[in-house]
Amino acid sequence: MNKKIIGNFFSLASVQMLNYILPLLTLPYLMNNLGAEKFGLVNFAQAIIQYFILFTDYGFNLIATKNIAKVVDDKKQVSKIVSNALVAKAILLLVSALILLGLIVIVPKFRSDALIYLLTFGMVIGSVLFPTFYFQGIEEMKNISILNISFKLFFTIAIFIFIHNPSDYLLVPVFNSLGYITIGLVSLLIMVKKYHFTFTKPSLTDVKAQMREGWEIFLSNVSTSLYTTGNVVILGLLTNNTIVGYFSAADKIIKACSSVVHPLIQAVYPHVSHTLEKSKDQAITLIKKLFVYASIVIGVGCLILLFGSDLLFPIVFGDKYNHSIQLIKIMSFLPLITVWANIYGVLTLINFGYQKILSRIYVLCGLGSIVSTIVLITLFNEIGAAINVILIESIATLSMYMVIRQKKIFIK
């Protein structure tokens, strides 16, 4: 791998790690200071809002990144791709706002706590403003990563300074939303000032075309969320805040360990796309090397989770949340399965033009997950949720591997 990939990987990895490590630092503090009821409400609201973030992203972070990487030296084409994506995301933001308002008006559960959902929605606005796909496409993530880290640290510190009791619970979404929006606005400014980006007036035809191109990725992402974010939502609906707290604590540990996977894929993805334009064999070689190295490193981490959680977990969360240790052990190999899924799905199937097949895999797994989640949670509560995550992710990953074998993209 060249120095640019390595640099982008560490930039993205730093941000992704902080996305999970900072919540790990605030999680015990918030649980103790907000109390179970308000802590559960805050996390439930965040889980709901994550679906709107997913909706407004619409797969642009992959599709637009790939398209920009292919024409990175043509500023006019890059401007066209970015402008189309930003306009499309703005339209989806408006639709999201209308849907949320509809839920607040119609559904009593949302209406009774309307303010927290509205305040948390600021995270969606910030996500739309942040043109991640542009910086990934041109493979320049260092400055944006520094920006991201700085503001997230600032607003994390604010949580410790200003939140002391249950009545302060609304400050959590306020600080989160302010962080997202600030990062989004400053990143747009950097894109324009430093990289001399010029906005191009998009046509409705171009916007529709870009949304059609991202449809399969969007379906895949939504389907995946049914057995990731969806677990928290269904667990909250079927059980209580205490059980959600146990699962959330374990889930955040696992996601912190898995966080290295996503920046790795994000950093390599545009390079694989660019390499594939020149040589299929070189692209396959790059994917295979990544598979071996990532499997070794992540695999060791999974073993540490499995055998070290009894020692490590109480240090982070305290003895009263030891019930979560069993959940960590159940999900301990999820980071390894996740890296395989991303290599097979994102780096291979998407880059080789099999988005529709990948989408079908995730749709089928996502739909199946709705049923299995409800059944397993009803039978085993939070343990059922943990089993469901590892089960569905394994089925999805195995399905991707079978498609790769069938299409003879590469054998191993």
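Read-outs throughout are calculated quantities, based only on the coordinates presented, and are distinct from any laboratory measurement. Every value quoted in this text rests on a predicted model; they were computed, and no experiment measured them. Note that we place each Cβ from the backbone using ideal geometry, even for glycine, and neighbour counts take in every protein chain shown.
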**Asked** Each residue of segment 120-129 in turn: what ³J(HN,Hα) in whole Hz from Karplus with 6.51, -1.76, 1.60 and θ = phi - 60°, glycine and Pro shown as x?
**Response** 5, 4, x, 5, 5, 4, x, 5, 5, 5
**Asked** When Cα Rg over 2.2 N^0.38 Å is calculated directly from the model, which label among [x] 1.15; [y] 0.96; [z] 1.24 fits?
**Response** [y]
**Fill in**
The alpha-carbon center of segment 137-182 and that of segment 294-370 are separated, in whole Å, by 26
**Fill in**
With the 8 Å Cα cutoff and a minimum separation of six or more residues, segment 30-124 has a relative contact order in percent of 39
**Request:** Could you give the size of the charge dipole of the chain about its Cα centre, using +1 on the Cβ of each K and R and -1 on the Cβ of each D and E, expressed in debye and rounded to the nearest 20?
**Result:** 1240
**Message:** Please compute one quarter of the surface area of the Cα convex hull for segment 1-203 and express it in square nanometres.
**Reply:** 12.1
**Sum of side-chain charges, residue 385 neighbourhood, beta-carbon under 15 Å (Lys, Arg +1; Asp, Glu -1)** = 0
**Request:** Among the listed pairs 66/356; 89/280; 289/329; 80/356; 289/356; 80/289, give every one whose C-alpha distance is greater than 23 Å.
**Result:** 89/280; 289/329; 80/356; 289/356; 80/289
**Complete:** Rounded to two decimals, the Debye log10 I(q)/I(0) of segment 94-160 (Cα scatterers, no solvent) at q = 0.12, 0.15, 0.21 Å⁻¹ is -0.50, -0.69, -0.92
**Eligible aspartates and glutamates near residue 278 by straight Cα distance, threshold 14 Å, same-chain separation 8 or greater** = none
**Message:** Can you divide the C-alpha Rg of segment 186-253 by 2.2 N^0.38 Å and report the result to two decimal places?
**Reply:** 1.81
**Item:** segment 303-412: relative contact order in percent, alpha carbon pairs under 8 Å with at least 6 residues between
**Value:** 30
**Asked** Hey, how many Å between the Cα centroid of segment 50-67 and the Cα centroid of segment 221-258?
**Response** 21
**Message:** How large is log10 of I(q)/I(0) for segment 43-126 at q = 0.14 Å⁻¹ when the intensity is taken from the Debye formula with one equal scatterer per alpha-carbon?
**Reply:** -0.55
**Message:** Give me Rg/Rg_expected for segment 226-412, where Rg uses Cα atoms only and Rg_expected = 2.2 N^0.38 Å with N residues.
**Reply:** 1.10
**Message:** Charges on Cβ only, +1 for Lys and Arg, -1 for Asp and Glu, centred on the Cα centroid of segment 234-335; of 275, 332, 307, which one is farthest towards the dipole's positive end?
**Reply:** 275
**Request:** Please find the FRET efficiency linking residue 395 to residue 237, where r is the Cβ-Cβ separation and R0 is fixed at 22 Å, and quote it to the nearest 0.05.
**Result:** 0.40
**Message:** Please enumerate, by chain and number, the lysines with C-alpha under 26 Å from the C-alpha of residue 109, excluding those fewer than 8 residues away in the same chain.
**Reply:** 38, 252
**Asked** Could you give me the ³J(HN,Hα) list for segment 247-255, computed from phi with Karplus coefficients 6.51, -1.76, 1.60 and θ = phi - 60°, whole Hz, x at Gly and Pro?
**Response** 5, 4, 4, 5, 4, 5, 4, 4, 5
